[in-house]
Amino acid sequence: MKLLSGTGVAIVTPFTKKGAVDTGALTKLVKHLIAGKVEYLVINGTTGESVTLTSDEKQEVIETVIKANGNKLPLVLGIGGNNTQEVITTIKKTNLKPFEAILSVAPYYNKPNQEGYYQHYKAVAQSTKTPVILYNVPGRTGSNVTADTQLRIAGDFKNIVATKEASGNLEQMMKIIKNRPKHFSLISGDDALTLPIIAAGGIGVISVVANAFPKDFSNMVRACLKHDFKAAQPLHYKLLDITEQLFADGNPGGIKYALSRLGICESTVRLPLCEPNDAVKEKIKTLVNRLK
């Protein structure tokens, strides 16, 4: 788990203005993140718009990132969904050798009960020897994987090594941290809550904001992990306003617009997503100009 502490980045999938995967921009983004000294990269996650990528495009993204990364940073691959059998099939047919772990989002739309979540992750864990990070994000999935269920999963399956917690519920997160088995850790899934989550015992973050500002964000996280909150707090508050605006009218529309202002990629997103409204764009533009 040392490889998954610190700042992981849920990297965007850049598209051309016509909507094709932009491998040149993706390569540029990976180089930007390596230079920013983040700890690892997460491919084909929610922020990467994986649900609107074809299987061929997902493979294109994987190959592009692996080549651009050149073994410099550990890699995590997103494989999740609301069809348990399809998730298992994808895991089994994917070459997982380049990856330290799988990030697997809790099933969405179906709204399973807690036993359904347990059985889903049991099936995922038993389908692979690769470490698995479960991902609890009620704002997207429509229901919460409770602390008790996450702890039950962690206790029963040694290759489920962490949770990316994006419930926004610090009490739930602290219950997980307090009662977790030794092999299991908690990773922040909320950029704005990363400082208090690490203070409570989290091991880092899988970040959206760090796509654009990897140096400041990863420095903040490293300071937190050293319990140097005097150094961490100024960086936390430096990025707080831009963090709010990047999510104000949808993710990854906000972060892609910020990246476009930095000259890294186009702001194009795929339907049903749209770019942020003009008011949010103007705020992001102002904040990016202030921070770059």
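The values are calculated or read from the model by the stated rules, or taken from the named source; none is laboratory data. All of these numbers come straight from a predicted model, not from anything done at the bench. Please note: Cβ atoms are built from the backbone with ideal geometry, for glycine as well, and neighbour counts cover all protein chains shown.
Going residue by residue through segment 87-107, is there one that turns out to be surrounded by fewer than 20 Cβ atoms within 10 Å (Cβ to Cβ), of a type in the set (Val, Ile, Thr), farther than 18 Å from Ile62 by Cβ and more than 15 Å from the chain's Cα centre (by Cα)? Within segment 87-107, one or more residues are surrounded by fewer than 20 Cβ atoms within 10 Å (Cβ to Cβ), of a type in the set (Val, Ile, Thr), farther than 18 Å from Ile62 by Cβ and more than 15 Å from the chain's Cα centre (by Cα). For Ile206, the criteria (1) among the aliphatic types (A, V, I, L, M); (2) part of a helix (DSSP H, G or I); (3) touching a Leu at 6+ places or on another chain (Cβ under 8 Å) hold in every case but one, which is (2).
Among the numbered conditions (1) assigned to a helix (DSSP H, G or I); (2) within 15 Å of the chain's Cα centre (by Cα); (3) buried (at least 22 other Cβ atoms within 10 Å of the Cβ), the only one that Gly139 does not meet is (3). A search for C-beta distances below 6 Å between a residue of segment 141-168 that is under 11 Å from Phe184 (Cβ atoms) and any residue that is part of a helix (DSSP H, G or I) and modelled with pLDDT under 95, counting only pairs 6+ apart in sequence or on different chains, returns nothing. On the stretch given as segment 47-65, residues that are under 14 Å from Leu103 (Cβ atoms), part of a helix (DSSP H, G or I) and of a type outside the set (A, V, I, L, M, F, W, C) total 2.
Within segment 22-48, the set of residues being out of contact with any strand residue (DSSP E or B) (no Cβ under 8 Å at 6 or more places or on another chain) and either in contact (Cβ under 8 Å) with a residue 40 or more places away in the chain or within 14 Å of Val208 (Cα to Cα) (or both) comprises Thr23, Ala25, Leu26, Thr27, Lys28, Leu29, His32, Ala35, Gly36, Lys37. In segment 31-46, the qualifying residues are those that are over 15 Å from the mean Cα position of the chain (by Cα) and in a loop (DSSP other than H, G, I, E, B), and the one that is surrounded by the most Cβ atoms within 10 Å (Cβ to Cβ) is Gly36.
For segment 66-85, which residues satisfy the criterion of being assigned to a loop (DSSP other than H, G, I, E, B), within 21 Å of Val132 (Cβ to Cβ) and either without any contact (Cβ under 8 Å) to a residue 24 or more places away in the chain or among the polar types (S, T, N, Q) (or both)? Steps first, answer last, please.
Here is the first cut: in segment 66-85, the ones assigned to a loop (DSSP other than H, G, I, E, B) are 70-74, 79-83.
After this cut, where a residue has to be within 21 Å of Val132 (Cβ to Cβ) as well, the list is 73-74, 79-83.
Within segment 66-85, Asn82, Asn83 qualify.
Restricting to segment 223-238, and then to whatever is farther than 20 Å from Asn289 by Cα and surrounded by fewer than 20 Cβ atoms within 10 Å (Cβ to Cβ), can you tell me which residue is nearest to the chain's Cα centre (by Cα)?
At the first step, the residues of segment 223-238 found to be farther than 20 Å from Asn289 by Cα are 223-233.
Filter again for surrounded by fewer than 20 Cβ atoms within 10 Å (Cβ to Cβ), leaving 225-231, 233.
Details: Leu225: 19, Lys226: 22, His227: 23, Asp228: 24, Phe229: 23, Lys230: 26, Ala231: 24, Gln233: 22 Å.
Step by step, filter segment 223-238, then rank; the result is Leu225.
Might you check whether a residue that is assigned to a loop (DSSP other than H, G, I, E, B), under 24 Å from Val21 (Cα atoms) and free of Cβ contacts under 8 Å to residues at least 12 places away in the same chain occurs anywhere in segment 106-129? No; the residues of segment 106-129 include none that is assigned to a loop (DSSP other than H, G, I, E, B), under 24 Å from Val21 (Cα atoms) and free of Cβ contacts under 8 Å to residues at least 12 places away in the same chain.
Scan segment 268-284 and tell me whether some residue there is in a loop (DSSP other than H, G, I, E, B), of a type outside the set (Ser, Thr, Tyr), touching a strand residue (DSSP E or B) at 6+ places or on another chain (Cβ under 9 Å) and under 16 Å from Glu49 (Cα atoms).
Of the residues in segment 268-284, the ones in a loop (DSSP other than H, G, I, E, B) are 268-277.
Of the ones still in play, those that are also of a type outside the set (Ser, Thr, Tyr) are 269-277.
Within this subset, residues satisfying the condition of being touching a strand residue (DSSP E or B) at 6+ places or on another chain (Cβ under 9 Å) are 269-270.
Now restrict to residues that are under 16 Å from Glu49 (Cα atoms): 269-270.
Taking every residue of segment 268-284 in turn, at least one turns out to be in a loop (DSSP other than H, G, I, E, B), of a type outside the set (Ser, Thr, Tyr), touching a strand residue (DSSP E or B) at 6+ places or on another chain (Cβ under 9 Å) and under 16 Å from Glu49 (Cα atoms).
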